[in-house]
1. Please list 6-13, 46-53 highest first by mean number of surrounding beta-carbon atoms within 10 Å per residue.
2. Name the residues whose placed amide hydrogens come within less than 5 Å of the amide hydrogen of Leu57, ignoring near sequence neighbours (fewer than 5 apart) on the same chain.
3. When the Cα centres of segment 101-161 and segment 45-62 are compared, how far apart do they sit, in Å?
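The numbers here are math on the coordinates, done by the rules we state, and not lab data. Nothing here was measured: the structure is a model prediction, and the numbers come from that model. When we count neighbours, we look across all protein chains shown, and the Cβ atoms used for this are built from the backbone with ideal geometry, even at glycine.
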Amino acid sequence: MSEFTNFTEGEYYEGHFDSQAYVKNFYSCPAEEKNFLAFVLRCLSRIFSAGEHKGKLLVDVGNGPSIHSLEIEKWLKSQKDGLDWKPMLHPSDLEATLKQQAKKVLKCDVRLDNPFYPHTLEPADCVITSLSLHGLSKLMRPGGLLVMIGVLGESFYKVDEQLFSCLGLSRDNIEEALSGLGL
């Protein structure tokens, strides 16, 4: 993608990000090999199905409004105006399993001392992050698992006609940042 130099502030996301359009644009591609969600779910399945990583608390931290918390919360509550995730969750029993396991959707701002304010969470056994490194060490228990999801070398993404910035990361940037965080 081209270089995008404007940083998208959180307030802009709040007013302009369309979570349903995002999911339809990036996760609903009929060709499974081009479907980002299918790729991510296959990777997460490999990580967690081996049984090596167990725990009580998993925190998923994205950049901006990821992982589309409003739509996921609507889905968990079976609200009629929520996005239909069934076409993206194969096999169908995966949907029931996910609904049983997911307990809460909380707003998270990793820039705060307590990212889940007004709620308080114990350090997580696993943190999954999508394009965000800031504040991860305070979310994870010592020895916990960090799973990173992202795209290297990108500076923006587009949802409908709206452009949103993302940090243009390289493997070296990530390794340096993780080392600096003690991870």
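1. Highest to lowest by the protection proxy: 6-13, 46-53.
2. Asp125, Cys126
3. 14 Å
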